[in-house]
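One structure is given below, encoded as structure tokens.
The values are calculated or read from the model by the stated rules, or taken from the named source; none is laboratory data. What you see is a predicted model; the values in this text were computed from it and never measured. All Cβ positions, even for glycine, are placed from backbone atoms using ideal geometry, and neighbour counts span all protein chains on display. Remember, those area values only see protein heavy atoms, side chains included, never the ligands or the DNA or RNA. Shrake-Rupley method; radii C 1.70, N 1.55, O 1.52, S 1.80 Å.
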Amino acid sequence: MVTATGTPLPTTDYSGRSLTSVLPSVAAAMGVPSWADTLGLPDAARYVVVLVDGLGYDLLREHADIAPYLSSLVDREPLLCGLPSTTATSLTSLGTGLAPGTHGVVGYTSRIPGTDRVMNSLRWDPEVDPAEWQPYPTMFERVDAAGIPTSAVNKAEFEGSGLTVCSQGGVPFHPISSVYERLDVVVETSEATPTSLVYTYESTLDHTGHEKGCTSPEWRDRLRGIDRDLADLRDALAPGTALLVTADHGMLDLPKGGRFDVEAEPAMLTDVVVFAGEARFRHLYTRAGAAPEVAQRWRDRLGDRALVVTREEAEAAGWFGQIQDSVRPRIGDVLVASLGDFGVFSSRHFAIELKMSGFHGSVTPAEVRVPLLVDM
């Protein structure tokens, strides 16, 4: 796939080895009819699925020495998390088995159609009903309805949030407040019935990467701790229980010199009515009919530091999968996917990003490749 200007674009195939295949494959491995195990998972009556936020496949391979347990499980090809490679989108892709163009959580921040408001998908917007924004049943709900008790174990602060409803809704939510409580609750919930599917989430690696950088001593210490925690969880699970560990995206560090603050060049925002997304994957919502001109202006300015595409070009490359009509206006008219050690910032709208060290969201292998780790 190439753009109208001849720029080659990476394509995204959500029907292959992607996060959308994880729970359908788990369901098939647990004997739920009508689902196919495209990932070759082991049959088991009980599954525990752990998502480690920010644990990119490349990062795990590069830091294998400090994660001996998780690294010992790297015997499968990585999955692709999809685009944008960001938490809210990936959690919903995993939880629904659907591509972003269908489930509708199309980025960290995106435009609320019909308004000039930007919704933060992690914090949500009180005026947006998550059940309308993402109307499909989750895979957790569907597995539970098929007769396998299914539940989510997650931080108490996430209970009932818009993102939780979109990505994990329809099943019991067990709130926890510490990693120690998580282990106990996951094990108890897993063993409460002869068959079960339990989902849980680890957020601290991503937080550390954003704050300190994904190659910092602090990040390495956090990975070391998570490796021990998951080894302990494996030891505590009943024999025959399958433990599956994956992630929502990878991460890379951006030097100060690779940060383009668009506020320093206000002409770049001519005909841009809403500026959203995140530093590595910007959504630009333009005045009607202005998308081609805006896209060309950004291409001319950024050169080979970013892929600048129209929504139509991104759709043709499959970046969001098949895009539903209700979802299309949530996606920027122009998309800016940063490459290398570059990012597009706004000191006016997203000042907090300028304080960060680690980033993700774009199309590079370091950001889109995530591990599929399975232990029984």
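Points worth noting:
- Cross-chain or 6+ apart pairs with Cβ under 8 Å, the range 126-144 first and in contact (Cβ under 8 Å) with a residue 60 or more places away in the chain, then open to solvent by 20 Å² or more (accessible area, probe 1.4 Å) and small (G, A, S): M139/G97; F140/G170
- There is no residue in the range 85-94 that is open to solvent by 20 Å² or more (accessible area, probe 1.4 Å) and out of contact with any Phe, Trp or Tyr (no Cβ under 7 Å at 6 or more places or on another chain).
- Restricting V52, V106, V128, V74 to residues that are within 24 Å of I352 (Cβ to Cβ), open to solvent by 10 Å² or more (accessible area, probe 1.4 Å) and β-branched (V, I, T) narrows the list to V128.
- Qualifying position, being of a type in the set (G, A, S) and either open to solvent by less than 30 Å² (accessible area, probe 1.4 Å) or in contact with a helix residue (DSSP H, G or I) (Cβ under 9 Å, 6 or more places away or on another chain) (or both), among G31, G40: G40
- The range 145-159, residues that are open to solvent by 60 Å² or more (accessible area, probe 1.4 Å) and either out of contact with any strand residue (DSSP E or B) (no Cβ under 8 Å at 6 or more places or on another chain) or part of a helix (DSSP H, G or I) (or both): A145, E157
- Restricted to the range 55-71, and to residues there that are surrounded by fewer than 21 Cβ atoms within 10 Å (Cβ to Cβ) and aliphatic (A, V, I, L, M), the residue that is farthest from the chain's Cα centre (by Cα) is I66.
- The requirement of being among the β-branched types (V, I, T) and either touching a helix residue (DSSP H, G or I) at 6+ places or on another chain (Cβ under 6 Å) or within 28 Å of A316 (Cβ to Cβ) (or both) is fulfilled nowhere in the range 122-136; no residue meets it.
- Taking the range 254-350 and the strands (runs of 3 or more DSSP E) fully enclosed by it, the elements with 1 or more residues that are under 19 Å from the mean Cα position of the chain (by Cα) are at 272-278, 281-286, 334-338, 343-345.
- Selection from the range 104-160 of residues that are more than 28 Å from F350 (Cα to Cα) and among the charged types (D, E, K, R): E141, R142, D144
Residue-by-condition table, conditions (1) in contact with a Pro (Cβ under 8 Å, 6 or more places away or on another chain); (2) more than 22 Å from L51 (Cα to Cα); (3) among the polar types (S, T, N, Q); (4) open to solvent by 60 Å² or more (accessible area, probe 1.4 Å):
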residue	(1), (2), (3), (4)
L183	no, no, no, no
T204	no, no, yes, no
S216	no, no, yes, no
P239	no, no, no, yes
A264	no, yes, no, yes
T286	no, yes, yes, no
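- Looking across G358, G303, G340, G332, one residue alone is closer than 28 Å to G114 by Cα and among the small types (G, A, S). It is G332.
- Contact annotation: no residue pair with Cβ atoms under 8 Å, 6 or more positions apart or on different chains, pairs a residue in the range 313-332 that is over 12 Å from A99 (Cα atoms) and open to solvent by less than 60 Å² (accessible area, probe 1.4 Å) with a partner that is part of a helix (DSSP H, G or I) and polar (S, T, N, Q).
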